[in-house]
Amino acid sequence: MPSFISVSHLKKVFKQDKRQAGLIGAVKSLFHRESVEKAAVKGISFDIEEGEFVGFVGPNGAGKTTTLKMLSGILHPTSGEVSVMGFTPWKRQSEFQKQFSLVMGQKNQMWFDLPVEESFEFNRAVYEIPKDIFEKQKNILVELLDIGSLLNTQVRKLSLGERMKCELATALLHKPRVLFLDEPTIGLDVISQKNIRDFLSEYNRTEKATIILTSHYMEDIRRLCERVMIIHHGELIYNGSYQQLREKYADTKTIELVLSERVTQDSLSKLGTVSDFRGTMARLTVPRERVTEVTTELLKNFPVDDISIHEESMEEIVSEIFQEATTK
Amino acid sequence: MKTLKIFLKLCELNLKKLLIYRASFFISLALMGMWVMAYVILIEVIFYHTSTLAGWNKGSVLLVMSFYYFVQNLSDIFFKENFEQFGDNLRRGELDFNIVKPAPLRLLTFFREIRFDHAAGLLITSGLFTYAFKNLPAPISVNHLLLGFIFALVSVVLYFSMLSIISTITFWIQKNDTFSALIFNVTQLSRYPRQIYRQIVGKILTFALPLALLGSLPAEVAVQFENGSLPIIFIGITIGFYFLGRIFWEYGLTKYTSAN
């Protein structure tokens, strides 16, 4: 049985015109224009099952958004195959389009000059949502996102966080089975980010919706996604669970110490790599398997006032992977 | 049916927008009034020196002009601004949200901004029609006038299809303002009876790029001008352009590159 979302050898090449800077460059380009081909996505393959919440991670220009745009039918691929719920996205069949939604953090699909409710009504007409189902779903979303007071406010008067909540509600009125989210928390403050995350988690749980999320905030990925896909220079360099990612790449832990008396840096260096040292405060990086042994040693032989052990952050892990991939 | 529902919803939302920005209704009224007045004066000057123009009397020429402005009014209200903004929207990747929606894409793209403030032009055009009727040597029947308006709607479809074809080229060349401006300017040729264009230019503007027919043909139908099977040919040309525009648009869409 084919996967809910199946991507095979997907590739997208863009043609870009090259032009020298300045007036002379502009005049030259009138007569002769060089163009180069840039592969934004280089033949990636993956499968996603129904109900999965997958994080798509990568630096700027890695190919995340291009991939999402091909999965949603906005872009035609250069080669490769994609099946989403059994449909080929770029054929843009109505039955397919009624079953998914796309939300982009940097773009607005609502009617800028009109109250939020009008955008809801417009989508009701476009997606042919029966009135009773529309009202029920609207009420659920309004409550979950706490946007009741915003429905009669003009979209252009909303804050970024409020707008994103309303964008999500607009995109979910037709109860999509698949949700493509491109940086939905970009530019939001920490409270708004948390609100959006809580909502997405709840939506995934209650509606069993399949969600693909791209984000620069690793916190989004860590808190929401069971599976992480890491894309770099158009290639998929990791595809697996968050836990496996940590086990595979985070082979060290950090021990933070607060001491009652000054000790020497040399004495601590024998136990691990000292990444920070200020006399009575220190940070040690030690291999994961030696954490218990080193902690015991520290408590036994050093004047420890406070001790804490930290996992490597997701940002550090991903940064390591990118560096590794770049140097290959 | 669904297309009609979405179109009506677009009309409703844009009407609500108009109520927010109502000043532009009066600005539009003044601008359109000045344009029409200038051309009426020109016609008055021409007919001061002659009694007919390419076989047309003053009232009929004014009727051609009235139908031309009627077609222009409808395009100004419903889609002209969307075509003007299309290049910029394409470069900014604004088509993304339209492409993913289960609705006719050209409807969402070219009827998103409906300018009901430009409906002010219809008031001026109705005044022009009244002035044309007063100058006709004999009154025209209601049935023929109605037929004239039906052909004016066919002209609107033809005009839309031609603009759609021109706009689709933007998928390849990214910036297409010059072509669109050219079409807007060439369309002004249909302000006068098609018979004033002779030989090869007349043939081109009647059959190949039938812009000369936009205002002329509805007027010919209304005044029962002897033109053989031209109305049937005109409908055929419109259907041809409509489907050509649609197929070309679908092909152009495969070249869409969006924007980050």
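The values are calculated or read from the model by the stated rules, or taken from the named source; none is laboratory data. Just so we're clear, the structure is a prediction, and the values are computed from it rather than from any experiment. In this analysis, Cβ positions are derived from the backbone assuming ideal geometry, glycine residues included, and neighbour counts consider all displayed protein chains.
Figure legend. Inter-residue proximity from region B:194-219: first residues more than 14 Å from B:V64 (Cα to Cα), second residues basic (K, R) and not in a loop (DSSP other than H, G, I, E, B), beta-carbon distance below 7 Å, spacing 6+ or different chains. Indicated pairs: B:G202/B:R194; B:L205/B:R194; B:T206/B:R194. From the list A:E135, A:E207, A:E128, A:E117, the one residue that fits, being surrounded by fewer than 18 Cβ atoms within 10 Å (Cβ to Cβ), out of contact with any Gly (no Cβ under 8 Å at 6 or more places or on another chain), free of Cβ contacts under 8 Å to residues at least 12 places away in the same chain and closer than 26 Å to A:F96 by Cα, is A:E135. Looking only at residues of region A:114-130 that are in a helix (DSSP H, G or I), among the hydrophobic types (A, V, I, L, M, F, W, C) and at the interface with chain B (Cβ under 9 Å from one of its Cβ atoms), we find that the one that is farthest from A:Y217 (Cα to Cα) is A:A125. A:T170 meets all of the listed conditions (1) among the β-branched types (V, I, T); (2) more than 22 Å from the chain's Cα centre (by Cα); (3) part of a helix (DSSP H, G or I) but one, namely (2).
Can you confirm whether A:I191 is within 14 Å of another protein chain (Cβ to nearest Cβ), under 23 Å from the mean Cα position of the chain (by Cα) and modelled with pLDDT under 95? The answer is no for A:I191.
With respect to the conditions (1) among the acidic types (D, E); (2) in contact with a Phe, Trp or Tyr (Cβ under 7 Å, 6 or more places away or on another chain); (3) surrounded by fewer than 18 Cβ atoms within 10 Å (Cβ to Cβ), B:E44 falls short on a single one, namely (2). From the list A:K175, A:K194, the lone residue that is surrounded by fewer than 22 Cβ atoms within 10 Å (Cβ to Cβ) and assigned to a helix (DSSP H, G or I) is A:K194. Kindly provide the set of residues from region A:131-151 that are within 14 Å of chain B (Cβ to nearest Cβ) and under 24 Å from A:R205 (Cα atoms), ordered by number. Residue satisfying the conditions is A:F134 alone. I need the full set of residues from region A:256-300 which are among the hydrophobic types (A, V, I, L, M, F, W, C) and either in a strand (DSSP E or B) or in contact (Cβ under 8 Å) with a residue 60 or more places away in the chain (or both), in order please. Listed by number, the residues that qualify are A:L257, A:V258, A:L259, A:V274, A:F277, A:M281, A:A282, A:L284, A:V286.
When we screen B:L4, B:L13, B:L8, B:L31 for residues that are touching a helix residue (DSSP H, G or I) at 6+ places or on another chain (Cβ under 7 Å) and either surrounded by 13 or more Cβ atoms within 10 Å (Cβ to Cβ) or farther than 13 Å from B:R191 by Cβ (or both), the only hit is B:L13. Of the residues that make up region A:49-67, is at least one at the interface with chain B (Cβ under 10 Å from one of its Cβ atoms), buried (at least 16 other Cβ atoms within 10 Å of the Cβ), touching a Pro at 6+ places or on another chain (Cβ under 8 Å) and closer than 22 Å to B:N98 by Cα? Among the residues of region A:49-67, not one is at the interface with chain B (Cβ under 10 Å from one of its Cβ atoms), buried (at least 16 other Cβ atoms within 10 Å of the Cβ), touching a Pro at 6+ places or on another chain (Cβ under 8 Å) and closer than 22 Å to B:N98 by Cα, which makes the answer no. The set of residues in region B:221-234 that are crowded, with 16+ Cβ neighbours inside 10 Å and either modelled with pLDDT of 90 or more or of a type in the set (A, V, I, L, M) (or both) comprises B:V221, B:A222, B:V223, B:L230, B:P231, B:I233, B:F234.
When A:E95 is tested against (1) more than 10 Å from chain B (Cβ to nearest Cβ); (2) over 27 Å from B:R92 (Cα atoms); (3) surrounded by fewer than 20 Cβ atoms within 10 Å (Cβ to Cβ), exactly one condition is not met: (1). Of the helices (runs of 4 or more DSSP H) entirely within region B:143-260, those holding at least 2 residues that are within 30 Å of A:M70 (Cα to Cα) and aliphatic (A, V, I, L, M) occupy B:230-253.
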